[in-house]
Every structure is written in C-alpha cells, then in structure tokens.
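Notes follow once the structure below has been shown.
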Amino acid sequence: MENETKHYRAVKFRLYPNQEQVVLFAKNGGHCRWLYNWGLELKEKTYKKTGKNVSKYEMMKMLPDLKKKVE
C-alpha cells in the first residue's frame, strides 16, 4: 500500500452555444464579477474601519437582503 500511485484522467469538451446561451453566459459572468467586487469592497472597508475581517458566512447572510435591494 505504500507504493500506491494515483492516476488522474482529464476530459476535454467544447461547447457550441447558440446566441441566446452566449448572452446568458455573458450576463452570468457579469453578475459574478459584480458580486465578487461587492464582497471585496465590503471586506476592505470593514477592515479599514474596524481592523477586523468579514467572514464568508457573514457575507452569505447579507445576500438575501442585497438581492432585494439591487432588484
């Protein structure tokens, strides 16, 4: 059992989205980028004010209210 090696296998595939799917992928990427930047800004501002970091779970609790506010 000591000489046991792991073998990894890779799978490549290509997507051929139609125009509607291309738009959805672009929107999804934009939403993810916006959310990432929001979280980063929140962490930076909180750290500058308090010297403490905002945890991932604290930010997750903020998401439902953020969704209502942004809509």
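For the chain, what number of Lys pairs, 8 or more residues apart or on separate chains, have alpha-carbon atoms under 17 Å from each other? Don't skip to the answer; put the middle values down first.
Details: Lys27/Lys67; Lys43/Lys52; Lys43/Lys56; Lys43/Lys61; Lys45/Lys56; Lys56/Lys67; Lys61/Lys69.
Count of close lysine pairs: 7.
Given the Cα-Cα distance of Tyr47 and Tyr8 and 0.36 nm per residue of separation, how much length would full extension add, in nm? Don't skip to the answer; put the middle values down first.
Working: separation 39, 0.36 × 39 = 14.04 nm, distance 4.08 nm.
So the chain would gain 10.0 nm between Tyr47 and Tyr8.
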- Calculating P(r) over Cα pairs in 5 Å bins from 0, in percent from this structure picks out, from (1) 4, 18, 33, 31, 12, 3, 0; (2) 3, 17, 30, 27, 15, 6, 2, 0; (3) 3, 11, 13, 14, 11, 9, 11, 10, 9, 7, 2, 0, entry (3)
- Item | Largest to smallest accessible area among His7, His31 [probe 1.4 Å] | His7, His31
- Query: Which of Gly30, Leu63, Tyr47 sits closest to the plus end of the dipole of the chain, meaning its Cα is farthest towards the positive end, when Lys and Arg get +1 and Asp and Glu get -1 on the C-beta?
  - Reply: Tyr47
- Query: Helix 19-50 versus the longest principal axis of the chain: what angle, 0 to 90°, nearest 10, using Cα atoms?
  - Reply: 50 degrees
- Item | Sparse-neighbour loop sites [chymotrypsin sites (Phe, Trp or Tyr not before Pro); the chain; at most 16 other C-beta within 10 Å; DSSP] | Tyr8, Phe13
- Item | Cβ-placed point charges (K, R +1; D, E -1), dipole of the chain about Cα centre in debye, nearest 20 | 240 debye
- Query: What accessible area per residue, rounded to a whole number of Å², is obtained for the chain using a probe radius of 1.4 Å?
  - Reply: 107 Å²
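Going by accessible area, probe 1.4 Å, with all protein chains left in place, what is the ranking of Arg9, Arg33, largest first? Please list the in-between numbers first.
Details: Arg9 220, Arg33 150 Å².
Of Arg9, Arg33, the descending order of accessible area is Arg9, Arg33.
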- Using a 1.4 angstrom probe on the protein heavy atoms only, line up Val11, Val23 by accessible area, largest first. Val11, Val23
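The values are calculated or read from the model by the stated rules, or taken from the named source; none is laboratory data. Remember, it's a predicted structure, so these values are computed and weren't measured experimentally. Glycine also receives a Cβ, built like all others from the backbone with ideal geometry; neighbour counts cover every protein chain displayed. Remember, those area values only see protein heavy atoms, side chains included, never the ligands or the DNA or RNA. Shrake-Rupley method; radii C 1.70, N 1.55, O 1.52, S 1.80 Å.
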